[in-house]
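Every number in this text was worked out from the coordinates using simple rules, so none of it is lab data. These numbers were taken from a predicted model, which means no experiment stands behind them. Don't worry about glycine lacking a Cβ; one is built from the backbone with ideal geometry, like all the others, and counts go over all protein chains shown.
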Amino acid sequence: MINIKDFSKLDLRIGTVLKAELLDKAKKPAYVLEIDFGNLGIKKSSAQITDLYQPNDLVGKQIVAVVNLSPKKIAGIASEVLVLGANNKDRAVVVLESQKNIPNGAKIS
């Protein structure tokens, strides 16, 4: 178990996917996403979400991501944020997204 102080260290934000492309060099199928987080800027993420989504399905979606993790080099790109999702019954990842339009960069609380 963690306490609320530990949880509050995570910076969860809303961002809009601007671009999604197949990450050819990835060991497991993945997309590289460019996501607009408002005043935090545009960040890249490697996301293994190819089972349920085509690139065009993702563009324009407002998603939830952790924005304060250290960047991780994945298949030649610096993945700057962690896009959040949940596994469905088939173990495919369903991306967490906003149901209403929210300003990019809005903090999740």
Test for D36: is it under 14 Å from T16 (Cβ atoms) and touching a residue at least 12 places away in the same chain (Cβ under 8 Å): yes
Residue among V93, V81 that is under 11 Å from the mean Cα position of the chain (by Cα) and surrounded by 15 or more Cβ atoms within 10 Å (Cβ to Cβ): V81
Wholly within the stretch 3-109, strands (runs of 3 or more DSSP E) carrying at least 2 residues that are of a type in the set (A, V, I, L, M): 12-22, 31-36, 42-47, 62-66, 77-79, 93-95
Residues (surrounded by 13 or more Cβ atoms within 10 Å (Cβ to Cβ) and over 23 Å from K89 (Cα atoms)) located in the stretch 42-61: I42, K43, K44, S45, V59
